[in-house]
1. Can you give me the Rg/Rh ratio for segment 5-131, using Cα atoms for both radii and the Kirkwood formula for Rh?
2. Reachable lysines from LYS90, Cα under 21 Å, same-chain residues fewer than 8 places away excluded?
3. For the residues SER108, SER37, SER8, what sequence is obtained by ranking on other C-beta atoms within 10 Å, fewest first?
4. Quick one: work out Rg over Rh on the C-alpha atoms of segment 1-76, Rh as Kirkwood radius.
5. Roughly speaking, what is the stretch gain from VAL18 to ARG123, that is 0.36 nm per residue apart minus the C-alpha to C-alpha distance, in nm to one decimal?
6. In Å, what Kirkwood hydrodynamic radius results for the chain from the alpha-carbon pair distances?
Amino acid sequence: MPSDTADSRLAAIHDQIVRAAAQAQRDPADVQLIAVSKTRDADAIRPLIEAGQRVFGENRVQEAAAKWPALRETTGGIELHLVGQLQSNKAEEAVALFDAIHSLDRPSLISALAKAMDKVGKRPACFIQVNIGDEPQKGGCAVASLPGMLAEARSADLPVAGLMAVPPLNLESAPYFALLAKLARDCGLSGLSMGMSDDFETAVTLGATHVRIGTALFGARA
Ligand SMILES: *Cc1c(COP(=O)(O)O)cnc(C)c1O
């Protein structure tokens, strides 16, 4: 069935991005689709690469380090984004492996990343993750700490590209996306990493520059 191929799933998501961007009078080329391949093995990922997808997201350094060096040999131009929490002792490995880090969430990680970038000689784009719903169990810095975090990251010479957030589960995402967009504007940041399988169209209408999509591309996770 055509609806079950990587090609058609990818095309369907691109279609939805184009339509959502049009609604907000945005250029769809300003929205990057990150295919979140956590928990998927190489056999599940390869069809998407063959369908033309080059930008992928992983949430664990160890898992990504096991899968991606071999997959990267199949084609050039692969871009890898870390979308999960990062421990400071894995900063160096993360900097070497990833092209962008979406989970800059605390001051201790700023210094670890700055040191790792100097050592590795590579400076992946960083997104500051904001705990946009003020949830105790969730990663991300508090909204009130954002200006301080940003100042610290900039003075450590981290290339801060924007903000990232995961809104509270089971609540309407739109107000949280709108708030993240406002925070980014106030900080003078243009990157907005927001929107997942269930809410990426809303995120695009509200300014997302990076949508992180797993389930809608690969099917449900085990
Ligand atoms: C897993 C994950 C995603 C993708 O979620 P889906 O609902 O499968 O699209 C996006 N962002 C982060 C931070 C994730 O951990």
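1. 1.00
2. Hits, sequence-local ones excluded: LYS38, LYS67, LYS115, LYS119, LYS122, LYS138.
3. Numbers: SER108 10, SER37 26, SER8 13.
Fewest-to-most Cβ neighbours within 10 Å comes out as SER108, SER8, SER37.
4. Working: Rg = 14.0 Å, Rh = 13.7 Å.
Here the Rg-to-Rh quotient is 1.02.
5. On the way: separation 105, 0.36 × 105 = 37.80 nm, distance 3.05 nm.
That pair, VAL18 and ARG123, stretches by 34.8 nm at full extension.
6. On the way: mean 1/r = 0.0566 Å⁻¹.
It works out to 17.7 Å.
Quick note: the coordinates plus some simple rules give every number you see, no bench work behind them. Bear in mind that the values here come from a model prediction, so they are computed numbers and not experimental data. Note that we place each Cβ from the backbone using ideal geometry, even for glycine, and neighbour counts take in every protein chain shown.
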